[in-house]
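Input: a single structure, listed below in structure tokens.
Every number in this text was worked out from the coordinates using simple rules, so none of it is lab data. It should be emphasised that the depicted structure is a prediction, and the values quoted were computed from it without experimental measurement. Neighbour counts run over all protein chains shown; Cβ positions are idealised from the backbone, glycine included.
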Amino acid sequence: MREALINALCHRHWERYNLTISLAIYDDRIEIASPGTFPPQITPENIKEPHESYPHNLKVAEALYRMTYLENWGSGAKRIMDACQAQGVESPTWSSDGGFVTITFMRPYFASDTTKIDKEDKKATKEDKYRSTTDQVPLNYRPSTAQVQEMILSMSDDYMTMNEIMSNMGFKHRTSFRKNYFLPALEDGAIEPMYPEQPNHPKQKYRLTELAKEWIKNNSHHSKE
């Protein structure tokens, strides 16, 4: 847990200043989510294999290393899995939704006594069950500017080209739109590209992230005027 929290601090995308690292504790799992994405060389699958380190914040990583909070770069995932194995618990999983990287620790099996009434003989019996998991509370995302909010509300759930987004919003000047709307939305984690590893792909398109969709759902009083 300590290593995962340090990694969240070290590798988060600090330029996404309106987002925060979250620690969510449930009956059956613990999740640590950090604003940002995996580097192109790392995936949720190969992070468990030996790999080099690709710190997003080199100076932060160097400071944590000198303070002995970090050990060998690129060894954090292995140490986390080794620690879980030593405690006899399941190895964690990593995932990314385009706006956050999340590590999930499953809690060991535990039983809760629940009373069930047998309708036939009216006898009380006990059965062991996993406790039901509470629905995850949406991360507290808010668009950083009114312009980003306007762009989110103007988009559909499908992938769109930048020109299609501009046309939807009634813009003709690409430079101004890109500076004041598009780039802030991308940095916010409000939109995600179809080809994240090829930003200049000739068929590049963008869609709303789950964070932005959740914000729209929680702020349904906003109109798309």
With +1 at each Lys and Arg Cβ and -1 at each Asp and Glu Cβ, the charge dipole magnitude of the range 2-110 around its Cα centre, to the nearest 20 debye, comes out at 280
Taking Leu208, Leu9, Leu64 and counting other C-beta atoms within 10 Å, the order from fewest to most: Leu9, Leu64, Leu208
With unit charges on the beta carbons (Lys and Arg positive, Asp and Glu negative) and the dipole taken about the Cα centre of the range 146-218, which residue among Phe177, Met155, Asn218 sits farthest to the positive side? Phe177
Treating only the Cβ atoms of Lys and Arg (+1) and Asp and Glu (-1) as charged, compute the dipole magnitude of the range 146-218 about its Cα centre; round to the nearest 20 debye. 340
Which listed pairs, of Lys78/Lys205; Lys179/Lys213; Lys78/Lys217; Lys78/Lys213; Lys179/Lys205; Lys48/Lys213, have C-alpha distances above 28 Å, in listed order: Lys78/Lys205; Lys78/Lys217; Lys78/Lys213; Lys48/Lys213
State the answer as a single residue: which of Tyr26, Leu9, Cys84 lies farthest towards the positive end of the charge dipole of the range 2-110, with beta carbon charges of +1 for Lys and Arg and -1 for Asp and Glu, about the Cα centre. Leu9
For the range 185-197, Karplus couplings with θ = phi - 60° (6.51, -1.76, 1.60), whole Hz, Gly/Pro x: 5, 5, 5, 5, x, 7, 10, 9, x, 5, 10, x, 8
How would you order 200-206, 21-27 from highest to lowest mean count of nearby Cβ atoms within 10 Å? 21-27, 200-206
